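The values are calculated or read from the model by the stated rules, or taken from the named source; none is laboratory data. Everything numeric here is computed off the predicted structure, so don't read it as measured data. Cβ: placed from backbone, ideal geometry, glycine included. Neighbour counts: every protein chain shown. These accessible areas exclude ligands, DNA and RNA; they are computed on the full protein's heavy atoms, side chains included. Shrake-Rupley method; radii C 1.70, N 1.55, O 1.52, S 1.80 Å.
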Amino acid sequence: MLLDISPLRKHREFRLLYIGQAVSLAGSMLTYVAVPYQIFQITQSSLWVGLLGSAQLVPLLVAGLFGGALADSLDRRRMLVVSELVLALGSAALAINALLPHPSAVFVFVVSALMSGVNGFHRPALEAMTPRLVEREDMPAVAALGSLRHNAAAVGGPALAGLLIAWWGLPTVYVIDVLSFGASVACLVLLHPPPSPVSDHTSSLARIAEGLRYARGRPELIGTYVVDIVAMTFAMPMALFPVMGNQWGGATATGWLFSAMSIGSLATTLLSGWTSRVRRHGAAVVLAAALWGAAVVGLGFASSLPLAMACLIVAGAADMVSGIFRSTIWNQTIPDHLRGRLAGVEMISYMTGPLLGNARAGGLASITNVPFAIASGGALCVLGVLACIPLLPGFWRYESDAQPSRLAPPLSGPSPVGD
């Protein structure tokens, strides 16, 4: 079945939001590659590339919780506009730093951490506002369009970033990202905002606590968070892409490594019709996460760029399968009045693992070697997610009670520095 684009035709506000975010995401994917590549070029250390994730984690944890609470009470369009402007300033600062004779790695760390914090306000506002711009029956098509937008940018953006860095240098990449935020802000300004959420004058901390209590009481939600964090913490290899790319062709090869997983994700999205016939969503998440780990083990033994890309394509496909069912579980169990808060929790869950995983991979590679850091992480991932079967029996047995038409690809995934 062809992609349903009817929400873009029917809803002007959704069309503006979609176009603006597509341009912004494409630009952010350039920065997603440029930042770790620049850190490696300055420091020549995979450890420093891995620590970049640690620097981004703390502001993301704090801002994600408060951003979700604010998205349930403030003007979401205004939150998006302010977030995009601040992210644009961050990319501009990175461009200026890259133009210096001796760019500062510490400055890149600081700006990246701040941009990660801003994402904690941007993403919940975006996730909470989108359903208010379309009709309820449009949501499966909206989710599919969102998945297409993410995967297209994640495939093309990193590959293009590698070429741009090789041809014109890092400053050009950052400037393009700044311009992409400008296009997004223009679309948001033209958008007629939906009514603001009704504020109950409850404090932000109380709203955060309400969202966390709801998540804690749903074992199917806890399972999605735990399995994804375990899989990504042990097996996320992206911090090592710059050093791997250096031995296979430099910036261009690095860009292809960053794109490879999204190629698998995009292929899975286009061939995801079979997911509507799967009822054991918890089991599907666990098994897909185990396949992700097995593919990363293979990556550790890859001796060439094509073999590495093949393993990453399989890993990306497995991660997308997991993401499809995690997203479906979230959509089935989260009520509308908690979507902003739970979007913040969701964002923290799927970004914490990759950030910690990059720190683990970079640190271990610095004291052992790159193949061991990757393969051992993949093996621990397989063992860790399979251990979730006896430890989370309710999640393993969880079955969908939704109709097949509600199943849709997710909007989540490893996120760039700003999107």
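List of remarks:
- Selected residue [touching an Asp or Glu at 6+ places or on another chain (Cβ under 6 Å) and modelled with pLDDT of 85 or more] from 180, 184: 184
- Test for residue 306: is it buried (at least 19 other Cβ atoms within 10 Å of the Cβ) and out of contact with any strand residue (DSSP E or B) (no Cβ under 7 Å at 6 or more places or on another chain): no
- Any hit, segment 302-313, residues being under 17 Å from the mean Cα position of the chain (by Cα) and either within 23 Å of residue 32 (Cβ to Cβ) or modelled with pLDDT of 95 or more (or both): yes
- Any hit, segment 22-30, residues being more than 26 Å from residue 182 (Cβ to Cβ), in contact with a Gly (Cβ under 9 Å, 6 or more places away or on another chain) and open to solvent by 30 Å² or more (accessible area, probe 1.4 Å): no
- Here segment 91-110 is the region considered, the condition is being open to solvent by 10 Å² or more (accessible area, probe 1.4 Å) and in contact with a Leu (Cβ under 7 Å, 6 or more places away or on another chain), and the residue that is farthest from residue 179 (Cα to Cα) is 109.
- Test: residue in segment 125-144 that is outside any helix (DSSP H, G or I), surrounded by 17 or more Cβ atoms within 10 Å (Cβ to Cβ) and aliphatic (A, V, I, L, M): yes
- Selection of segment 289-303 for residues being open to solvent by 30 Å² or more (accessible area, probe 1.4 Å) and either part of a helix (DSSP H, G or I) or in contact (Cβ under 8 Å) with a residue 24 or more places away in the chain (or both) yields 291, 294, 297, 301.
- All of 400, 349 fail the test of being among the hydroxyl-bearing types (Ser, Thr, Tyr), at pLDDT below 95 and not in a helix (DSSP H, G or I), apart from 400.
- Residue 248 meets all of the listed conditions (1) open to solvent by 10 Å² or more (accessible area, probe 1.4 Å); (2) at pLDDT below 95; (3) closer than 17 Å to residue 375 by Cβ but one, namely (3).
- Test set (1) more than 22 Å from the chain's Cα centre (by Cα); (2) touching a residue at least 24 places away in the same chain (Cβ under 8 Å) - residue 9 fails condition number: (2)
- Qualifying residue in segment 218-232 (condition: out of contact with any helix residue (DSSP H, G or I) (no Cβ under 6 Å at 6 or more places or on another chain) and modelled with pLDDT of 75 or more): yes
- Within segment 358-384, being open to solvent by less than 20 Å² (accessible area, probe 1.4 Å) and β-branched (Val, Ile, Thr) holds for one residue alone: 374.
- The residue that is nearest to residue 32 (Cα to Cα), among those in segment 213-222 that are in a helix (DSSP H, G or I) and open to solvent by 50 Å² or more (accessible area, probe 1.4 Å), is 222.
- Candidates in segment 51-78 are the residues that are within 12 Å of residue 129 (Cβ to Cβ) and open to solvent by less than 20 Å² (accessible area, probe 1.4 Å); of these, the one that is farthest from the chain's Cα centre (by Cα) is 72.
- Number of positions in segment 223-268 that are closer than 18 Å to residue 354 by Cβ and outside any helix (DSSP H, G or I): 2
- Qualifying residue in segment 320-340 (condition: closer than 29 Å to residue 37 by Cα, free of Cβ contacts under 8 Å to residues at least 60 places away in the same chain and out of contact with any Gly (no Cβ under 6 Å at 6 or more places or on another chain)): yes
- A Cβ distance below 8 Å, combined with a sequence gap of six or more or placement on separate chains, defines the contacts here; from segment 368-384, residues that are over 15 Å from residue 287 (Cβ atoms) and of a type outside the set (Phe, Trp, Tyr) reach residues that are modelled with pLDDT under 95 and surrounded by fewer than 19 Cβ atoms within 10 Å (Cβ to Cβ) in the pairs 370/243.
- Only one entry of 262, 272 meets the criterion of being under 15 Å from residue 315 (Cα atoms), polar (S, T, N, Q) and open to solvent by 10 Å² or more (accessible area, probe 1.4 Å), and that entry is 262.
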